[in-house]
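So the structure is just underneath, and the comments pick up after that.
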Amino acid sequence: RVRLEAEQMARADGERTGLISRYEDLKKERDELFSALEKYNGCDPAIYEEKKIRVAALKTEVNKITDDLFTVQSYVCNKFDVDRREFLTSFGISETLDYVE
């Protein structure tokens, strides 16, 4: 009877140790899969649509600022008889500045 109880205890501990080990392995694998999934977070359609909307809003904002800059440039060049290139050079603006499409 004592031997039977000892065998049952040994078996229970062995099973428990095996299950704990399996649990730890599965937990580690799950964490690795979540880490790998994070790489593809940008491919989520909802996130993609949010970014698409944000890009459109930023393009509109940039084009508005560019339009304001061209308006100021036109005013200064016409009012003070300043060459366009001289205006751009004075303010460090590239001659290739244009609207964002």
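Brief remarks on what is shown
- Of all residues in segment 51-100, exactly one satisfies the criterion of being in contact with a Lys or Arg (Cβ under 8 Å, 6 or more places away or on another chain) and under 30 Å from N41 (Cβ atoms), namely V100.
- Of all residues in segment 17-65, those being modelled with pLDDT of 95 or more and closer than 30 Å to I93 by Cα number 13.
- Among the candidates E7, E61, residue that is free of Cβ contacts under 8 Å to residues at least 24 places away in the same chain, within 38 Å of the chain's Cα centre (by Cα) and surrounded by 10 or more Cβ atoms within 10 Å (Cβ to Cβ): E61
The values are calculated or read from the model by the stated rules, or taken from the named source; none is laboratory data. Everything numeric in this text was worked out from a predicted model, so none of it was measured. Glycine gets a Cβ as well: all are built from the backbone with ideal geometry, and neighbour counts include every protein chain shown.
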